[in-house]
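> The structure's right below; bear with me while I get my questions together.
Just so it is clear, none of the values below were taken in a lab; they were calculated from the coordinates. Keep in mind that what you see is a predicted model, and the values were worked out from it rather than measured. For neighbour counting, all protein chains shown are included, and Cβ atoms are generated from backbone atoms with ideal geometry for every residue, glycine included.
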Amino acid sequence: MPQLLVRDLDAGTVERLKLRAQRHGRSLQGEAKAILQAAATFSMSEAGSVAEEWQRKLMAHAYRDSAETIREDRER
């Protein structure tokens, strides 16, 4: 599993993270992991933007109906 090293955090930040971890019943590493996972999750608007971008990319090409292709293949 990939790892991430964060260097040069100030002591105040580390102490606040430790307190937050303690409130949530987690280790410091577990709390940092939870924070990063929450931050890396798409919001609904971000997910919508990604979907719209894919739609634009896919609409730029002409695609055949897959049922037609299957039918042609079966008739061979």
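> Taking the range 66-76, which residues are part of a helix (DSSP H, G or I) and either surrounded by 10 or more Cβ atoms within 10 Å (Cβ to Cβ) or not aliphatic (A, V, I, L, M) (or both)?
Across the range 66-76, the qualifying residues are S66, E68, T69, I70, R71, E72, D73, R74, E75.
> Here is a follow-up. Looking only at the range 17-65, filter to residues that are in a helix (DSSP H, G or I) and of a type in the set (D, E); which one of those is farthest from L4 (Cα to Cα)?
Among those that are in a helix (DSSP H, G or I) and of a type in the set (D, E), it is E52.
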